[in-house]
């Protein structure tokens, strides 16, 4: 007769802030979306932005779309953890939902650029796990932007022109992934998340677990 299977050990931990950045078209949004679908322990930090909504985007799901005046009010009242101007538009991370998630031990995903990543590192470096996604070639990056068919040719050329400056910040990230195969890139991100969740300094519940473990007297 097999012994009853014990329940998994639950050890309290602080949630991590998973930052994924890349130049437009390198694949960070696809990787982020897939991660959210497959990992229920991760929630998305929905950014606020002043840019126009794309046809495929849903209000309060992909972004909180704001006017410039509304964005400035949030920025000036310290309601944003970070903010940046990208391609002529403002982007930012609302503070309150992130702080609540961290306190409850939930992970938060940030699909943001290098400027936002820098600000998060400055404010909450112990909580941030940063990943930079690179395209395999600049030619492939251009092809992906065209295949996406959501931006005008002028916007695509602006994104390509800015991509080199964005790529120059790859050294500032904890992990760097070349997205030449989407499945392989996603598997790499999953492995990073699993390892970072096991870090000793994130698992504050380990102190009580080890104390109880050492106090336990096995029955004969």
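The values are calculated or read from the model by the stated rules, or taken from the named source; none is laboratory data. Computed from a prediction, not measured in an experiment: that's the story for all the values here. Heads up, the Cβs are rebuilt from the backbone with ideal geometry, glycines too, and the neighbour counts pull from every protein chain shown.
Restricting attention to segment 125-153, the residues being more than 17 Å from residue 23 (Cβ to Cβ), in contact with a helix residue (DSSP H, G or I) (Cβ under 8 Å, 6 or more places away or on another chain) and either without any contact (Cβ under 8 Å) to a residue 40 or more places away in the chain or assigned to a helix (DSSP H, G or I) (or both) number 2. Among the residues of segment 79-101, which ones are surrounded by fewer than 16 Cβ atoms within 10 Å (Cβ to Cβ), in a strand (DSSP E or B) and at pLDDT below 90? Once the filter is applied, which keeps residues that are surrounded by fewer than 16 Cβ atoms within 10 Å (Cβ to Cβ), in a strand (DSSP E or B) and at pLDDT below 90, segment 79-101 yields only 85.
Is it the case that residue 37 is surrounded by fewer than 12 Cβ atoms within 10 Å (Cβ to Cβ) and closer than 24 Å to residue 184 by Cβ? Against the criterion (surrounded by fewer than 12 Cβ atoms within 10 Å (Cβ to Cβ) and closer than 24 Å to residue 184 by Cβ), residue 37 qualifies.
A count restricted to segment 102-121 and to residues that are at pLDDT 90 or above and assigned to a helix (DSSP H, G or I) stands at 5. Scanning segment 159-174 for residues that are in contact with a strand residue (DSSP E or B) (Cβ under 6 Å, 6 or more places away or on another chain) and assigned to a helix (DSSP H, G or I) yields a single hit, 170.
From 156, 177, grab the single residue that is in contact with a helix residue (DSSP H, G or I) (Cβ under 7 Å, 6 or more places away or on another chain) and either outside any helix (DSSP H, G or I) or within 15 Å of residue 130 (Cα to Cα) (or both).
Values: 156 fails: either outside any helix (DSSP H, G or I) or within 15 Å of residue 130 (Cα to Cα) (or both).
Exactly one of 156, 177 is in contact with a helix residue (DSSP H, G or I) (Cβ under 7 Å, 6 or more places away or on another chain) and either outside any helix (DSSP H, G or I) or within 15 Å of residue 130 (Cα to Cα) (or both), namely 177.
Among all positions in segment 124-131, there is no residue which is more than 18 Å from the chain's Cα centre (by Cα) and modelled with pLDDT under 90.
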